[in-house]
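The structure under discussion appears below in the form of structure tokens.
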Amino acid sequence: MLTRWDVTASEGFDAIAFTGALSGGDLYLEHYAKEAAEFGSHLPSAVRDDLVALRKDADTGDFGLLWPNLATILSGAEVPTLDSVVAARKRANVLSMIDVNRGTLSARFVAFPNLVSAQFVPLYFGTWEETRQSAELFLRNNGNDRNAGDLHSQQIIQLFSGYFPTSADREWLRLFVQAVEDERVKFFASYWRAEQLRRSAARAVVDSLWRTTYRQRFARFLNNSGADRGSLLLSLPLDGEGRTLDVGQRTRLVTVNFPDTPANAREALYTFVHEIVSSVTTIAIDDNTSPADKRNGTVDRYASNALVRGGALMLQRAAPELADGYARYYLRSARVPFTSGDAMAALAAAFPLPDAIRDGIQRQIELVMGGI
């Protein structure tokens, strides 16, 4: 297999990142005070004041950290130079209902954190159009399944009612669906199509790896953990944290990150394994924690680390050639500095677990892989 690496300047992203120091952020000035003073001296005072005001507005408002979010927004564009940064921003200057209503929509997540579980609703449907129409059916009937005209409609209303039980929840959902549709029409549909085309080679490599090698490697674990059938979905927004949903008898949907290049195709498999081990990590945690641990939140703190460590243990058992890459991927995802050495040891240090839980995960994997 041949790979191609292009080495280019990064003037554009350098400029975006340097807005952190130029805007007076303490974290950045700690490291780049001299550079910020030297470069800033060439800027008009009005521009420097605007940068400070922009950072403060972003930090205290809904935008969040200024330069990291700007870099994320422009990451899909070609921005090697300052001029290209300006041009990309102009091209992306689309104002949708998501932008206009960001404060209202995000406020309810703060007030009702459990609303985040509604992220699984789209996995019950095949397309956004089907999701939107189902949400509108639920809203037209005010969440009352007795108004449904048939069994299928009744089941849809019952599904949404589980996530949006109150009138205020339904009003939030109404605004959210309208906002997402507006965003789709104005920006996301064209962006999604472009990204599917750009990443088509990566998707083909993921499919090949799955069909020719790793479906068989993971088959025993999947079959013995109650997932004989399923779908592996590649999703643009996801990173190392996937989403998993059991949608029928022994059928599972696993949504994972969409690698951006063929060389990174194995990242999708890393996230897949991270997701499927939840069936054993949950048991191991439950067996090795007390009722007090469950009440005080200790169990919740173990859960995330257990998935990362469980995936590594699973790969060491079923596909050891992937284990080192898996460890490095999750270290990068957690932004843990690592350049050389024992990646598995670094992973254990970055995602600590009590020995009893780690050993419990190992035993559960052996039981499932052994078919007991």
Dipole check, the chain, charges on Cβ (K,R +1; D,E -1), about Cα centroid: among 326, 356, 254 the Cα furthest to the positive pole belongs to 254
Ranked by GNM mean-square fluctuation in the chain (Cα springs under 10 Å), the top entry among 246, 355, 169 is 355
Using the Cα gyration tensor of the chain, the equivalent ellipsoid's semi-axes, largest first and to the nearest Å, work out to 37, 31, 22
Per the helix-only model, the chain has a calculated mean residue ellipticity at 222 nm (DSSP H runs of ≥4, -39500 (n - 2.57) each, divided over all residues, rounded to the nearest 500) of -19000 deg cm²/dmol
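Please give the per residue volume of the convex hull enclosing the alpha carbon atoms of region 180-292, rounded to a whole number of Å³. Before the final figure, lay out the partial values.
Numbers: hull volume 16.2 nm³, N = 113.
For region 180-292, the hull spanned by Cα atoms encloses 143 Å³ per residue.
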Applying the span-like rule to the chain (DSSP H, Cα extent along axis at least 20 Å, Kyte-Doolittle mean at least 0.0) gives 298-318
With +1 on the Cβ of every Lys and Arg and -1 on the Cβ of every Asp and Glu, the dipole magnitude of region 99-194 about its Cα centre, in debye rounded to the nearest 20, is 140
Listed by chain and number, the residues whose amide H is under 5 Å from that of residue 235, excluding neighbours fewer than 5 places away on the same chain and using placed H, are 256, 257, 258
Two pseudo-spin positions, 7 Å from Cα along C-beta at residue 45 and at residue 17, lie apart in nanometres by 3.2
Of all trypsin sites (Lys or Arg not before Pro) in region 259-360, the ones in DSSP coil with at most 10 other Cβ atoms within 10 Å are 335
Between the alpha carbon centres of region 109-166 and region 195-216 the gap in Å comes to 32
The aspartates and glutamates whose Cα lies under 19 Å from the Cα of residue 294, excluding any fewer than 8 residues away in the same chain, are 286, 355
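The numbers here are math on the coordinates, done by the rules we state, and not lab data. Source: prediction; values computed, not measured. Virtual Cβ from ideal backbone geometry, glycine too; neighbours counted across all protein chains shown.
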